[in-house]
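What follows is calculated from the coordinates using simple rules that are stated; it is not laboratory data. The structure displayed is predicted, hence computed values, not measured ones. So basically every Cβ, Gly included, is an ideal-geometry build from the backbone, and we count neighbours across all protein chains shown.
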């Protein structure tokens with residue numbers, strides 16, 4: 001099972017590290033990351049493997065949301081099945 005994490009906000013040092021740290025703490029493996037900085041806007045999409053997640057998925061999502069609020073970012077965590085369904089035409 002996989003999930004997609006998106007991060008949008010003002011660029012700052014350590015955003016990728018902080019999101020990755022939460023993944024590591026909860027046994028979510030980072031599979032792929034793409035990020036861009038457009039002027040001062042940071043945008044990242046991260047694909048993670050949640051097969052061995054050691055907490056409920058909803059709790060991981062809540063932790064990412066809380067990190068976003070602390071850092072002034074919008075962090076959204078979505079199960080891959082939901083992501084694919086939303087983006088299928």
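Data for the structure
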| quantity | calculated |
| --- | --- |
| Hits in segment 39-65 (condition: within 15 Å of residue 18 (Cβ to Cβ) and more than 12 Å from the chain's Cα centre (by Cα)) | 42 |
| Selection count where residues are under 17 Å from residue 83 (Cβ atoms) and exposed (fewer than 14 other Cβ atoms within 10 Å of the Cβ), scope segment 12-44 | 3 |
| Matching entry among 9, 68 (being touching a residue at least 60 places away in the same chain (Cβ under 8 Å), surrounded by 11 or more Cβ atoms within 10 Å (Cβ to Cβ) and on the phi > 0 side of the Ramachandran plot) | 9 |
